[in-house]
Every structure is written in structure tokens, then in C-alpha cells.
Amino acid sequence: MLDNLKEFASEFFVTGDPLILGAQVSIALTMIAIVIVLTYFKKWRWLWTEWLTTVDHKKIGIMYIIASLLMLFRGGVDALLMRTQLAMPELNFLEAEHYNQIFTTHGVIMILFMAMPLMFGLFNIIVPLQIGARDVAYPFLNSMSFWLFFWGAMLFNMSFVIGGSPDAGWLAYPPLSELSHSPGVGQNFYIWGIQISGIGSLATGINFIVTILKMRAPGMRLMKMPMFSWSVLSSCISIIFAFPILTVTLFLLFLDRFLGAHFFTLDGGGNPMMYINLIWMWGHPEVYIVVLPAFGIFSEVVAAFSRKKLFGYASMVFAMIAISVAAFFTWAHHFFTMGSGANVNAFFAVTTMIIAIPTGVKVFNWLFTMFRGKIQFTTPMMWAIAFIPCFVVGGMTGVLLSVAPADFQFHNSYFLIAHFHQVLIGGVVFGYFAGLYYWWPKMFGFKLNEHLGKWAFWFWNIGFYVCFMPQYLLGLMGMTRRINVYDFDMGWQPLNVVSTIGAFLMGIAFLFQVWQIAHSIKFHKKDTTGDSWGVGRTLEWSIPSPAPVYNFATIPVADERDWWWEEKERREQGIQPKAIPLEPIHMPKNSAIPFIKSLCWFTAGFGFVFNWLWIAIPGLIGVAICMLVRSFQYDTDYYIQVDEIKRTEAALRGAN
Amino acid sequence: MTYDTESPYHELLDEEMKSVRPIKRYLVPLLFVLVVALLSGCSDQIIVLDPKGPIGESQKDLIYIATILCLIVVVPVIVLTGIFAWRYRDKPGNNATYKPNWSHNTKLETIWWGIPVLIIIALGIVTVSYTYKLEPSKPLVSEKKPITIQVTSLDWKWLFKYPEQGIATVNYAYIPEDTPVRFQLTADSPMNSFWIPQLGGQIYAMSGMAMTLFLQADEPGEYYGSGANFTGRDFAQMTFKVHATSDAEFNDWVKEVKSSSPALTEEGYAKLAEPGSAEKQAFSSFPAGLFESIVTKYAPGGTHHQHGSADMGMPQPPDPGKQQQTASTADNHMAHSSAGH
Amino acid sequence: MAHAASHHDHDHGHHDQEELKTFGFWIFLMTDCILFATLFATFVVLRLNTSGGPTAEELFSMPGIIAETFILLTSSFTSGLAVLSMQKGDKKGLIGWLIVTLALGIAFVTMEITEFVHMVHEGATISTSGFLSSFFTLVGAHGLHVSIGIVWMIALVLQLARRGITSVTKRKVTIISLYWHFLDVVWIFVFTVVYLMGVM
């Protein structure tokens, strides 16, 4: 009996590596510490009522951001482990198995569990405030999206300590990801972790499309809407077209592995090339899904800190929509080398290049927003300015990759690695950092320390170039991706060492950011104006920071593009806004169902990972029960009375 | 919205002159020198830009053309970013123009929609013509008859078979210089990608189908090759050297392998195909039809076979009919793509 | 739930909310369209890959399929009648037609399951060939959608019995009838692409 148990445990838990053992111990200690702290300070009820069951978009947004920063930490540690191995391959710091797991989890985590939730966090906090709404269209569904993401991410990360991580690359091409070549449970964790959080992403897409189309403040026509909201709209439109494809693709891979179906297998008439097509039909739009909101953020930040109107608004909107449409017609450029023939390659090469046009236009518009402005070098603006050269070079190497016959020489080499890190870090991460710094005071009511922020900025930027510029050269020197050792004769080591140094500089930059946040929490100066930077142009800056639960006591008629900027000018001239009488505000009630239902999904997913139907089926039944319970609930909302609004507003604006 | 009628260019130019500080004047050339030094320091190791065959040569030209076209936009953008950030910084004493409501100028916007469109048209034309010119299955123009090498990606080693010579090798290959080589690629493992950077670009090696890749070495030498698409645990071990030699040396090598190496049997192949890395090996012969049987391994007899396993096996020089078949592979892909969309 | 436009009076607020949910459901149906489109695409790619197993012609018995088709089309019609009754404020008629729709839906699912069981007994399972994998997945996904619709409709009938026709239940009936019509349209594609093209 005991021996059986021991045997089971040694298979169930990932064992044998001191690195992993250390991680397991620290995870266990962290969890114990959290439980102790919560119990000691009697915070369990607070956690449950204020956070776990909340449907408030601002709190959900904050939870997304916290989760994504934790994931950034884990994905970053993965990256540093890989870089350490590549700088000194002869030391065998990571065995091939571990290396393969780590690059797989690094990719999945950075795209799906870091970039996506950070993006959703910013959507959640800013979009309703920016368009003058009291919440998103479906607050209950919004909470569900978050918890699905959260439990999906937990399931995926669990593979690190239980059962073993996936190791077939971040897109898990079959037949490598099939049972025939990956018999372990790692690939199941991959499928279910992404599947569960992917459903949440899809729901978020729907939620924000409806929010933006239907809940704008009176007078805010679409072409008067702030650019960030436009970028969210175009990103969400891409989500609703792309994510169902991901859902199906992963489900088919699951059927292959679970029921022995033959969608992507080599035998039985399966077709692995079909998977590669399908996954990129989602995967390519996915990169635009994460980069478009970054474009929106830059548009806001550049205009705000140049203290100038955004240049070429209509062009910007058109370019963004063009990008999100064109993104669906380029997927095959990820496998020019499949031998699809010259016709196919020529078509996809040209469609890919076409995307460069609207992207280039956007860059020029940002530049000419700065032209004849009054530029303040705050941290958000610094990220925005650093983005431009970085993204332009990344875009250029992207165009080089789109030249199909040249891609035969770049494909799967470090040139490609350098390219997509440059657009994803230089575009997406820089963008989200700009947004995070810019809107941080709106979320928490105080600014992050600018001094430490600038240290972080320079470490990130220098680290970035030191890390990735050598990788372009490495690619041209023939170094291919996903190798953990290489031949010393190839002369790759010096540049790899340089690259690793750069990676560690970025690691230091992250530590500066952690320090910056901790320092600012302790020593911040409370913002009392609501317009924390003094340069706000859009609706969110017209209300107190952090915004009250109902956001707007009264919703203004925002019929200008930079409504708050114009309003400030009017007020300076002594024109006071017309007072709108207060009315009771209709708000959604908190609900525990999203949390519980997502936990049930997690349970079901966990059961499917190990083929334990006795866990999976109860999990699915739990999901069904949650849905039915919700369907029978009619008492889901309440009113905030005028008196209470008055009290809240007086307290928040009293300092004025 | 304010429409600015006066042209901003002249003023812009003036400001540009004023704002470039001495230090920047030195910084840019200095960086340039550094990059050039770095590049020349290891230029013989930048193998993609040091091709030794016609395909790699054309691809290098294409890379240069595309880079130059892109730089037409990239350089001005980077320079402008620096200039604008410097010129319009909000510092006391900076008396640059400030026009907070200037947000639209049809002329300017036409310029920066127009220039990228022109560049992309130019690049598109170049790309499309090269795409047809460098289609990997297109035979190379040469007076010499091409030699065929059948390449199989195994877990985790490369098997090269010379059907005309009747020999086989593992993890290294010899080719005669100045002779087109017709690689036929397949896999008895997850999808890999066959890449010899100095000869030319890569093509996937996939189970159930045979892809054609024509390459040629213009001079003798030892060329690095590897698998470029991840196939599992010991994927990093899948590197090999291609030795390009004179015809005479090549023939000598074939003779030597024939006389001194063991034969590859069916069982030997089965053992070789087992997951694991391998040392260099040579075989004096291999079972007849081995490559064809690998390619058709998953095709059930008599039923429809979807992978369009074009131009399997036959060691004859390519004929127009073969191209037809390759084209049908392409159609097959297209069907997936368009159906899926 | 969410509050669209507070400057409206409260009843209006409720009204807007229900409209908002219907609008969102349309968008959900778009995503579901893409889900089915992807499944259709995989089916089209794999439908000839029988891998030595049975082919479509050998497997499908058209009379049963045609009967299923008629049952589902009729249920779509009866769900339309339910909405008409609702608009007339006829609670009994509404519940009655929903129950008829339910019965037809259950009949459809039962026939489909019988068909599947029959195939499995003949040795045609999801793991037989690429063709059958994609067949069972596509048709099964549709069947699963119908089954979910059935459970949902039962829940809705209970709610209607208890609460009558209100703005909330009205919206719920509208949505489920949209869903039901959508599944009907998908089935027409299934019938054409899978069955008709299979036996022709």
C-alpha cells in the first residue's frame, strides 16, 4: 500500500531536479504564508466579498494585472534559465528535456497568460471610464472571463509541479504533440489550460464589443471616441473571429489524444498540416490582437504628453481596422517553407507586406503628433518614444521575413526569434508598460515613483537591445531556434553571452519595477485632482482617482474628440458645465458563481489531463449546475441612492 | 480641427539643422563603425550572407534589396523621432512652435500613405518574381545532370540515401561541386526542416510526403546544415556537414563507402529509426525502395491518399511531369487554407 | 446588470439591458458560426480520408437522416410559433409551443444518438479514420448544441411557469429561439455537406 502510494507520488509530482524541487518548496511556502497572513489579519471575508465575487470592472482589471505581472515573473525566469543555458551550453545547466519544457512554457505564458491578461486588465479598467459607462455590458460575464483565465492559467502552471510540463513548443505542432510522440500529461495541461482561459478571452471579446458599441456616453459618436477604445474595438473584433478557431483546434487535438481520433495524426488519414494552418489562422490574428491595444495606448500617451491633438485621427482608425482585417489573410507566412508552391507563397507574402502600410502610417501619425507639441518626458511618454524606433526596426525585419524566398533563410532561425521579440517586447510590452504607468494613478489614486521608473526604463531598453540585436546576427550565422546546445566551431558563443547579459539586464529592470511599485505604495503622494498628470484629454480623467464604484455620478455629454481637454479650456474661460441632476444608479450585485463555475472547469480540466473521468465528470456537472442556478436568479441588481452618491462624491471631491 | 495651410517642411528643415548636437554628429558614425567592425570580425561566420551556391546567392541579393527598400522609411523615422523628441521637449527656454490643435494635413498624410504603398509595390514585385524564380522544386539550369539525394529526418538524426550510387550516410553528406543536387525530403519522425544556409534556404521534411529541394555548391567546401524545426528531445543533435568536392573526389568517396562500410538492412533501419541521437555513419547499400516505403508508410492500400506525396522516389532526373505533381501538392495546401478560412 | 444609460429613467434602463443582452447574443452566434465553419472545414479536408474504413456511402442511411431533418425544421417552426404566442401575451400558448419544440428536439437527439450507436456497432468509431473523426465531431458538436438548448429550454419553461411573461423572460425566449433557428440553419449545412455530398 505504502509502496504503491510512493510510486504514484513519484509519477504524479515532478521530481528529481533541484531547480524544480526549489520551486516546489517556495510555492508551498508562499501558499502557507498567504493563508497565514489572511487568517491572522482576518481578511478572508474581505477577500471573498471585495475581490473573488466582485463584478466591478475596475477590480477585475486590477486582478488581471496582478495575475499578469506574476506570470511575467514566471515567464521571465523561464527566459533567464534558457539564456543561461545558451551562454554556457557546455555546462549542461539544463538538460534537453527541461530546456524543451521551458521554452514551451515561456512562449505560452508570455503570450496567453501575460500579454492577454495585461491587455484585458487595461481594457477593463479604462474602456468603461473612457467612454462614459458605469460598467461593461455584462459584468457577470466579465467576472467569469477573469476566473476562467485565472483557473486556466493555474491549470497550465500546475504542470510545473504535477505531472510534467508540455514540451512540444508553444503552438504544439502535431505529430510531435500527439500521443504517439508526447505520451505524457504535459500536452494535456497545455490543451486544457489554454482551452479554459481561451473561452474567457472569447467572452471578453464579445463583452467589450457590446460595451463599446452600445454604452458610450451621449454625444460620443464612434468617430469621436478616444483612440484606445477604438483599438480595443478592433482587437475584440479580431478576438471573436480568431478565438473560435483556437477552441476548435485544441478540442480536435484533445479528441486525437483522448479518444484516438485522426485529425492530425500521421496514420488513419489524419493531416498534421491542417493543424498548422488552423493554429496560425488563430495565431496570426492573435499577435495583432495583443498589439492593436498597444497602438491605442501610444495614441493616448503621445497626444497627452505632447499636449496636442492626436494627428490624423481618421487615418488612425482606418489603419487600425485595416490591420485587424488584413491580419486574417496572412497566416501562411508562418510556413512558407512547407512547399505550398509559388502561388500560395506569393499571395501570402504580398498580403503580409500590405500590413506594413497602415502600420507605417500610424508611426508617422504619432511622430507628427509630437511635432509642434510640448513634450513632457514622463515614464509613459518615454516608453512611447522608445517604442517607435524599436517597433520600426522590428517591423522592418518583419517585412524581410515576409519576402517568401528570403524567409527560406530566416525561418526558424534566431533572426525570427529576434524579430518577434522585438515587435512583441518593443510593441506590446512597451505599450502596456506605457499604459500601466499612464493609468496607474487612475487605478490607485497615486503615481508610481518616476525616478525608479526611469531606472527601470533604461535597464529594460538597454537590456533589450543587448539581448536581441545579437540574435539577428546569430540567425544569419545559422543558429536555429529551440536548441539547447551547439557546436563551438560555429562561433555563436560570444554573441550568445552578450545576449544573455542583455536578458539579465531586463531581469534587473523588472526588479526595479517591483521596487518602484513597493516604494510608491509606501511613500506615494495622494492624487486629489482626478486628472493626475494634468494633461488628460479623455473622460476618464474627469472623475476622481480611483473612480467610485459607479464611475460617473452623472454622465456628461461628450460630443468632442478630446472632451476633457476642451472642457478644461471651457472651465478656464469660466464656462461652467450644466449641472445634471443626480438619479439613483442601477448596479449589478456581486456573484460567487463565476468563481465557483471556473473552479469547476478547472476541476474538469484537471480530470481530463489525467484521464480521470471520476474527477472530470463531476467538474462538468458542477459547470452545468452553476449555469442553471444563474438562469434561475432574477435578483441580480440594486440601486445606489442619490444620498449615497452625494456622500461619496463629497468625500472624493472634497479635497478639491 | 485646424487646418494648417502653410507648409511645415521648411521650418522642419531648419529645426533639424539646429537640433543636431555635436555629440550626435559623432555618435552615429561611431556606431556605424562599430557595427561594421563587428560584422567584418566574424563575417565568414555569417553564413547566410556568405553563400556558396546559386540559390543562396539569389536569396542574399533579395535580402539586400528588401533591406534597402525598408531603410528608405526606417531611417527617416528613427531620425525624425530623435529630432522631434529633442526639438519639442518641454523645457524652459525652448521656443519651438506649439500648435496644440494642429491635427490634420491632407498633403502630409497623402505622403505617408503614398510612400509606403510605393515601396510595398516595388518590394511586392521583386518578391513575387523571386518567389517563382526560387521555387525550391524548380530544377537548376546546368549542363550537368543533377544528382539525387533522398533525405529522411529521423528522431534525432539525418539519413541521406544516394539512390544512383546505392549508398547511404547518417549525419553527413558528400556532393560534387557545380552539380545541381536534387534533395528529396521526407520524415519518419515529426516534421523537421532541412537547412544548409550556405547553399540556400530550407524546406520542411514531413512524414507521408516527399518534398523536392534543388541546391548546388559552386565551390568545394564544408557546409553546415541542420534541422530547423523542433522535433523533440535531442533535436539539437541534428546537425550535419555537407562536403562539396570535385567530381573525382566525390567518386572516390563513393567507392570508399561502397568498399569499406556495412550494408543498411531493414532491421538496421528500424534500429536507426529508434529515438536517440547518432554518430556519423556510412552504408554501402540500403534496401531497395526504402525511401518510398517511408513516404507511403501511412497510406492505406487502395484508399485515397491526401498528402499528395509528389514525386516519390524515382532517381531519374526530373521531368516536366514531376513538376506537375509538385504543383498538385501546392493545390492540396491551398485547399486546406481556403477551406479552413 | 450593466447599466447602459443612466440618464434614461429606470424602466427604460431595464428595457435597454434586455436589448443589450440580445445584441450580445447575436455576436455570440457569430462566434459559434466560426466554430462550425472551422469544423466544416476540417470535415471537408478529411472527408475522403477513410483510411481503409467505411465510406460515407456505405454508412449513411438517408431515410433516417431525412426524418431527422424534418423533425428539426418543424421544431424551428414551432419555436417561431412560441415567440408569436409570447408577443400576443399568451403564456399558455408560449409554454405549449415550447414543449412541442422540446419534444421535437428530444426526438431529434434520440434519433441522432441511435444513428451513432448503430455506426459504432458496425465498427465505425471516431478512431477509425480521419473521415469518421471529423464526421462524429461535426455532427456531434451540432447534437451537443441541440442538447444544451433542450436543457436550457426546460429551465426556461419552468421560469415562465413561475414568472409569466416579463421583460426578462421575454428576452430569454427571444434568445433561445434565435439559438434554435441558428442550429436549424447549421443542420441544413450538415445535411448538405455531410450527408448529401457523402452519398452523391
Check: Take the residues of segment A:496-509 that are open to solvent by 10 Å² or more (accessible area, probe 1.4 Å) and out of contact with any Leu (no Cβ under 7 Å at 6 or more places or on another chain): which is nearest to the other protein chains (Cβ to nearest Cβ)?
Finding: A:V498
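Only one residue in A:F241, A:F264, A:F254 is within 11 Å of chain C (Cβ to nearest Cβ), more than 19 Å from the chain's Cα centre (by Cα) and either open to solvent by 10 Å² or more (accessible area, probe 1.4 Å) or of a type in the set (D, E) (or both), so which one is that? Give the derivation first.
Working: A:F241 fails: more than 19 Å from the chain's Cα centre (by Cα); A:F264 fails: either open to solvent by 10 Å² or more (accessible area, probe 1.4 Å) or of a type in the set (D, E) (or both).
Result of the check over A:F241, A:F264, A:F254: A:F254.
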Checklist line | Residue ID - nearest to A:R221 (Cα to Cα), chosen from residues in segment A:522-565 that are open to solvent by 50 Å² or more (accessible area, probe 1.4 Å) and basic (K, R) | finding: A:R561
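For (1) assigned by TED's automatic domain parsing to the domain that holds B:S293; (2) at pLDDT below 95; (3) open to solvent by 40 Å² or more (accessible area, probe 1.4 Å), each residue gets a yes or a no:
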| position | (1), (2), (3) |
| --- | --- |
| B:W86 | no, yes, yes |
| B:K91 | no, yes, yes |
| B:N94 | no, yes, no |
| B:E109 | no, yes, no |
| B:W112 | no, yes, no |
| B:L123 | no, no, no |
| B:T152 | yes, no, no |
| B:D155 | yes, yes, no |
| B:L159 | yes, no, no |
Margin query: Looking at segment A:21-78 only, could you name the residues that are loosely packed, with under 12 Cβ neighbours inside 10 Å, polar (S, T, N, Q) and farther than 19 Å from A:I162 by Cβ?
Written below: A:T39
Next item on the list: State which residue is modelled with the lowest pLDDT when the search covers only segment C:90-126 and only residues that are part of a loop (DSSP other than H, G, I, E, B) and open to solvent by 50 Å² or more (accessible area, probe 1.4 Å).
Entry: C:E122
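Quick check on my filter: what residues within segment C:158-180 are assigned to a helix (DSSP H, G or I) and aliphatic (A, V, I, L, M)? Don't jump to the end; show me each part of the working.
Let us first name the residues in segment C:158-180 that are assigned to a helix (DSSP H, G or I), namely C:158-163, C:167-180.
If the condition is that a residue be assigned to a helix (DSSP H, G or I) and aliphatic (A, V, I, L, M), then C:L158, C:L160, C:A161, C:V168, C:V173, C:I175, C:I176, C:L178 are the ones that fit.
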Margin query: If the requirement is being hydrophobic (A, V, I, L, M, F, W, C), more than 10 Å from chain A (Cβ to nearest Cβ), more than 22 Å from A:F311 (Cβ to Cβ) and assigned to a strand (DSSP E or B), which of these qualifies: B:L159, B:L140?
Written below: B:L159
Item checked: Unique match (being closer than 30 Å to A:I640 by Cα and over 21 Å from the mean Cα position of the chain (by Cα)) among C:D90, C:D16 -> C:D16
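Just for helices (runs of 4 or more DSSP H) wholly inside segment A:543-656: which have at least 3 residues that are touching a residue at least 60 places away in the same chain (Cβ under 8 Å) and closer than 24 Å to A:T54 by Cβ? Spell out the reasoning first.
Details: elements: A:563-572, A:593-609, A:613-632, A:642-653.
Answer list for segment A:543-656: A:593-609, A:642-653.
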Check: How many residues, within segment B:68-78, are open to solvent by less than 30 Å² (accessible area, probe 1.4 Å) and free of Cβ contacts under 8 Å to residues at least 12 places away in the same chain?
Finding: 2
Note to self: Among the residues that make up segment A:89-104, is at least one of them surrounded by fewer than 21 Cβ atoms within 10 Å (Cβ to Cβ) and at positive phi?
What the structure shows: yes
Notebook entry, point to check: So how many residues does segment B:46-57 have that are in contact with a helix residue (DSSP H, G or I) (Cβ under 7 Å, 6 or more places away or on another chain) and within 8 Å of chain A (Cβ to nearest Cβ)?
Noted result: 3
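Checking the structure you have, find out if any residue of segment A:377-388 is hydroxyl-bearing (S, T, Y), within 14 Å of chain B (Cβ to nearest Cβ) and over 30 Å from B:K133 (Cβ atoms).
Checked against the condition, which is being hydroxyl-bearing (S, T, Y), within 14 Å of chain B (Cβ to nearest Cβ) and over 30 Å from B:K133 (Cβ atoms), segment A:377-388 yields at least one hit.
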Notebook entry, point to check: Give me the pairs: first residue in segment B:87-115 and facing chain A (nearest Cβ under 7 Å), second residue in a helix (DSSP H, G or I) and of a type in the set (G, A, S), beta-carbon distance under 6 Å, and six or more apart or on different chains, which are they?
Noted result: B:E109/A:S315
Note to self: Residues that are modelled with pLDDT of 90 or more, under 20 Å from the mean Cα position of the chain (by Cα), in the same structural domain as A:K589 (by TED's automatic domain parsing) and of a type in the set (A, V, I, L, M, F, W, C): does segment A:82-102 have at least one?
What the structure shows: yes
Checklist line | Options C:G52, C:G130: the member that is in contact (Cβ under 8 Å) with a residue 12 or more places away in the chain, within 14 Å of another protein chain (Cβ to nearest Cβ) and farther than 19 Å from C:V194 by Cβ | finding: C:G52
Note to self: Which residue is farthest from the chain's Cα centre (by Cα), if the candidates are limited to segment A:151-168 and must be assigned to a helix (DSSP H, G or I) and buried (at least 24 other Cβ atoms within 10 Å of the Cβ)?
What the structure shows: A:L155
Check: Are any residues in segment A:266-290 farther than 15 Å from A:L171 by Cβ and out of contact with any Leu (no Cβ under 8 Å at 6 or more places or on another chain), and if so, which ones?
Finding: A:L266, A:D267, A:G268, A:Y288, A:I289
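Output the number of residues of segment A:30-85 satisfying the condition of being of a type in the set (A, V, I, L, M) and in contact with a Ser or Thr (Cβ under 7 Å, 6 or more places away or on another chain). Talk me through it step by step, then tell me what you get.
Here is the first cut: in segment A:30-85, the ones of a type in the set (A, V, I, L, M) are A:31-38, A:47, A:52, A:55, A:60, A:62-63, A:65-67, A:69-72, A:77, A:79-82.
Still in the running and in contact with a Ser or Thr (Cβ under 7 Å, 6 or more places away or on another chain): A:55, A:60.
Of the residues in that region, 2 qualify.
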Checklist line | Inter-residue pairs, beta-carbon under 7 Å, first at the interface with another protein chain (Cβ under 7 Å from one of its Cβ atoms) and surrounded by fewer than 21 Cβ atoms within 10 Å (Cβ to Cβ) and in segment B:224-246, second in a loop (DSSP other than H, G, I, E, B) and of a type in the set (S, T, Y), 6+ apart | finding: B:D234/B:S277
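From the list A:A509, A:A518, A:A456, exactly one residue is in a helix (DSSP H, G or I) and over 22 Å from the mean Cα position of the chain (by Cα). Which is it? Full working, then the answer.
On the way: A:A509 fails: over 22 Å from the mean Cα position of the chain (by Cα); A:A456 fails: over 22 Å from the mean Cα position of the chain (by Cα).
Being in a helix (DSSP H, G or I) and over 22 Å from the mean Cα position of the chain (by Cα) holds for just one of A:A509, A:A518, A:A456, which is A:A518.
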Notebook entry, point to check: Within the set of pairs 6+ apart or on separate chains, which have a first residue in segment A:472-495 that is within 20 Å of A:H419 (Cβ to Cβ) and at the interface with another protein chain (Cβ under 7 Å from one of its Cβ atoms), a second that is crowded, with 23+ Cβ neighbours inside 10 Å and among the hydroxyl-bearing types (S, T, Y), and C-beta atoms under 6 Å apart?
Noted result: A:T480/A:S413; A:T480/B:S226
Margin query: So A:Y414 ticks every box in (1) at the interface with chain B (Cβ under 9 Å from one of its Cβ atoms); (2) touching a strand residue (DSSP E or B) at 6+ places or on another chain (Cβ under 9 Å) but one. Which box is left unticked?
Written below: (1)
Check: Do you know which residues across segment A:344-364 are among the polar types (S, T, N, Q) and either open to solvent by less than 10 Å² (accessible area, probe 1.4 Å) or facing chain B (nearest Cβ under 7 Å) (or both)?
Finding: A:N345
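The values are calculated or read from the model by the stated rules, or taken from the named source; none is laboratory data. A quick note: this is a predicted structure, and the numbers were derived from the prediction, not measured. As a convention, Cβ positions derive from the backbone with ideal geometry for all residues, glycine included, and neighbour counts pool all protein chains shown. Keep in mind that these areas ignore ligands, DNA and RNA; they rest on the heavy atoms of the full protein, side chains included. Shrake-Rupley method; radii C 1.70, N 1.55, O 1.52, S 1.80 Å.
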